[in-house]
Amino acid sequence: MNIKTIASSPYNDQKPGTSGLRKKVTIFQQRHYLANFVQSIFNSLDDCQGKCLVLGGDGRYYNREAIQIIIKIAAANGFHELIIGQGGLLSTPAASHLIRKNKAYGGLILSASHNPGGATEDFGIKYNISNGGPAPEKYTEDFFKHSLEISEYKIAEINDIDLDKLADFEIEGLKIRVIDPVTDYAQLMASIFDFDLLKQSISSNYITLCFDAMHAITGPYAKRILEEMLGAPVGTVINGEPLEDFGGGHPDPNLVHAKELAQLMFNDNAPVFAAASDGDGDRNMILGANIFVTPSDSLAIMVANSHYIPSFAKGINGVARSMPTSQAVDRVAAAYNLPCFETPTGWKFFGNLLDADKITICGEESFGSGSNHVREKDGLWAVLFWLNLIAKKRQSVIEIVHEHWQRFGRDIYSRHDYEAVDSNVANEIFKHLRQLLPTLKEKIFGDYAVDYADEFSYQDPIDNSISDQQGIRIGFKNGSRIVFRLSGTGTVGATLRIYLEKFVKDSSSHQQKPQQALAELIKLAEKFSEIKQRTGLLEPTVIT
Ligand code: G16
């Protein structure tokens, strides 16, 4: 194989964020930009010679071009086998599964997740290690270090690969397998859930449903599993064709961006169940007729009912949630005597706990939940989990949620995002909050007496690595919390997130509307951060 070495020079902005490197497409299209980053990853890994790499993305604009470039760089760096999803498509959880199933060295997943796609929108790339999970911080820091020192990259002089034809072939010793992106993943789901029960419940119309793929990657997965394998009527999956620009939409499954679905569900004729997933298929939003299940509640409910799911019938080892996720799951863990871990935001922090069998189920407020079946959060897995629960418990979504609140109390929860804030302003807000923390101890604000005020730092219990500055927390004696964090996934300025949580035990108060129930905490959060004065934004950009 003819290999060329191309001289290049570093870009200084290739530091991966919460989940890989995310930038505008136009940034990725700069000369050598993508090649530099890919070569930096390969340079920082141990020898790539003779190894297998999984490759695919969410189909967004620039996916195909990027895959052709990566194939050539991977070939030049000595990979022996490449497993690529047909059309260059792989959902993030499916890629994680393929890495594990094929004992691959790792995988490159091309996605900017829930961020919009298109020629002037976002693109992203992340590396997953051999356990199938996102590269932990020690890797991503090394990728960045290499990107700052790069002086050349290697590229094989081979023709573009036909990504659309399923085939196994060899180019001068390099094995390439273009595989169906759905088959392996669908088999995995069938091994976890009770597909026979689901088929019966759907064919008897006990469960009626709608799934919004938001013109992103889960279209083909959801059509195969929900419509073809489980027999849901054709048309159950809406916006099911993956498009490079997601049809101009924002593939973020929440009540703001999946408006069509929200309208359908808060209606007299709503189906029993609805859900949506994001750009790369790892997020989920769960809805029942006239109810939206917050991701934090969804996690707690899944854990509390996990014994109804065939693969968890024998019990689970433990659970974990990211720090800003509500404490609802902690209450379940305490009641069931399960270990419960609090990690920083980012799925990569669950990897070690899952590998060490300390936890079986984990999740985040950012519309993500998953288990030890892969090392990524998994949108369709969560959907199937809920469908399995509805079918097994013979209860509607609203009944399941209300029963849960009745037993454990309700953590009323909301997240307020202030997007595209000037980065200097955002940094000043955090500086100000850090100075404020020591002055808050033991202070009382109306119904809220401060219990602790600190900045979250995490020591991984398996490898003892420490991650500092993972969000500012103000906890109150009544169990309520305010958390401030800067997003690590945005591509324009800074996104400031305020997470608000209030625990209500008494069932007569469970039906409150979150924004009303949280009004006093919202005022306190705005007062502590001075967010309105400092950003000039009078309202959050997105409330979920
Ligand atoms: C990524 C990570 C998640 C994280 C989320 C939010 O999700 O995989 O673990 O919770 O970002 O991050 P932030 O608050 O920093 O924006 P995704 O779906 O974007 O890959």
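Below is a table of values for the structure above.
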| quantity | calculated |
| --- | --- |
| Tensor-based shape of the chain (alpha-carbon gyration tensor, a/c under 1.5 rounded, otherwise prolate or oblate) | oblate |
| The chain, relative contact order in percent, only Cα pairs under 8 angstrom and at least six apart counted | 13 |
| Mean separation of Cα contacts under 8 Å, 6 or more apart, over the residue count of region 250-387: relative contact order % | 25 |
| Radius 9 Å from Cβ of A104, net charge of other residues (Lys, Arg +1; Asp, Glu -1) | +3 |
| Relative contact order for region 22-81, counting Cα pairs under 8 Å that sit 6 or more residues apart, in percent | 45 |
| Förster radius 22 Å - calculated FRET efficiency between A190 and H80, Cβ distance, rounded to 0.05 | 0.10 |
| Residues K431 and E157, FRET efficiency given R0 of 45 Å [Cβ-Cβ distance, rounded to 0.05] | 0.30 |
| Difference of contour (0.36 nm per residue) and Cα-Cα distance, Q200 to K259 | 18.3 nm |
| DSSP-defined beta bridges in the chain - what % are antiparallel, rounded to 5 | 70 |
| Table column - 3J(HN,Hα) (Hz), region 108-121, Karplus curve with 6.51, -1.76, 1.60, x for Gly and Pro | 10, 10, 9, 5, 10, 6, 7, 6, x, x, x, 4, 10, 9 |
| Amide N of region 103-126 lying under 20 Å from the label point, which is placed 7 angstrom from the Cα of T541 along Cα→Cβ | 111-125 |
| Sorted peptide list for 411-424, 68-81, criterion being average Cβ within 10 angstrom, highest first | 68-81, 411-424 |
| Using distinct alpha-carbon pairs, which all enter the 1/r mean, Kirkwood radius of region 187-342 in Å | 16.7 |
| Part-to-part distance (alpha-carbon centres) for region 519-544 and region 5-34, which is given in Å | 34 |
| Prolate/oblate/rounded call for region 76-147, Cα gyration tensor, a/c under 1.5 rounded | oblate |
| Distance (nanometres) between label positions extended 7 Å along Cα→Cβ at N464 and K523 | 4.8 |
| Cα-projected label distance for E241 with N317, points at 7 Å along beta-carbon direction, nm | 4.5 |
| Residue-span extension gain [T183 to E403] - 0.36 nm each, minus C-alpha spacing | 75.6 nm |
| In Å², nearest 10: area of T294 left accessible to a 1.4 Å probe | 20 |
| Net length gained if the chain between K103 and R31 were fully extended (0.36 nm per residue, minus Cα distance) | 22.6 nm |
| Percent of beta bridges antiparallel (DSSP, region 3-181, rounded to nearest 5) | 55 |
| Gyration tensor verdict on region 442-514 (Cα atoms; rounded if a/c is under 1.5, prolate if a/b is larger than b/c, oblate otherwise) | prolate |
| Accessible surface of S366 - all protein chains present, 1.4 Å probe, nearest 10 Å² | 10 |
| Antiparallel DSSP beta bridges within region 258-372, as percent of all bridges there, nearest 5 | 65 |
| Spin-label pair D355/E442, simplified geometry with 7 Å Cα→Cβ offset, distance in nm | 4.5 |
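The values are calculated or read from the model by the stated rules, or taken from the named source; none is laboratory data. This is a predicted model, so every value here is computed, not measured. Backbone-built Cβ (ideal geometry, glycine too); neighbour counts: all protein chains shown. We work out accessible area using only protein heavy atoms, side chains counted, and drop any ligands, DNA or RNA first. Shrake-Rupley method; radii C 1.70, N 1.55, O 1.52, S 1.80 Å.
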